[in-house]
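Please treat every number below as a calculation from the coordinates, not as lab data. Remember, it's a predicted structure, so these values are computed and weren't measured experimentally. With ideal geometry, Cβ positions are generated from the backbone for all residues, glycine too; neighbour counts draw on all protein chains shown.
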Amino acid sequence: MYEGIHHVSLLVSDIKRAKTFYGDVLGFQESEERPDFGFPGAWYQVGSTQIHLIVHEGGNTLRGTTEIDSRDGHFAVRAEDIEAVIDNLKKHNVEFVDKPDNKTEWHQVFISDPDGNLIEFNK
């Protein structure tokens, strides 16, 4: 009945800063398919899923902190090479929580974007 997750939408407060983080730091590929909705945003293609960044001052989903708490709401990106992800995060001085040994069968790495949206990378 379901094919998978099409996209995840995230609120951001500064689209320029967010695009630098998601495009330049994480290396996600920005999609040119985003229509002009009349508000700032960006779409990124990550495998078969999209990440939609939205500036919405009236939104209520910003956490209010960039503290990395792996139990808080987040989305996960499957990585081909988790060590390459870690090296890239270090290269860009992105704080992360590394959980190579945990109760799952995969190596987990958690980060926060500049607005506090949590992202897990795993392999």
Q. Going by the structure shown, is D14 charged (D, E, K, R) and either without any contact (Cβ under 8 Å) to a residue 60 or more places away in the chain or farther than 17 Å from G116 by Cβ (or both)?
A. no
Q) Quick one: in the stretch 34-57, which of the residues that are farther than 15 Å from I15 by Cα and in a loop (DSSP other than H, G, I, E, B) is farthest from the chain's Cα centre (by Cα)? A) P35
Q | Those residues of the stretch 81-109 which are touching a residue at least 24 places away in the same chain (Cβ under 8 Å), under 13 Å from N122 (Cα atoms) and surrounded by 12 or more Cβ atoms within 10 Å (Cβ to Cβ), in sequence order | A | I82, V85, F96, V97, K99, H107, Q108, V109
Q) Out of the stretch 1-33, which residues are surrounded by 15 or more Cβ atoms within 10 Å (Cβ to Cβ), assigned to a loop (DSSP other than H, G, I, E, B) and either on the phi > 0 side of the Ramachandran plot or not aliphatic (A, V, I, L, M) (or both)? A) F28
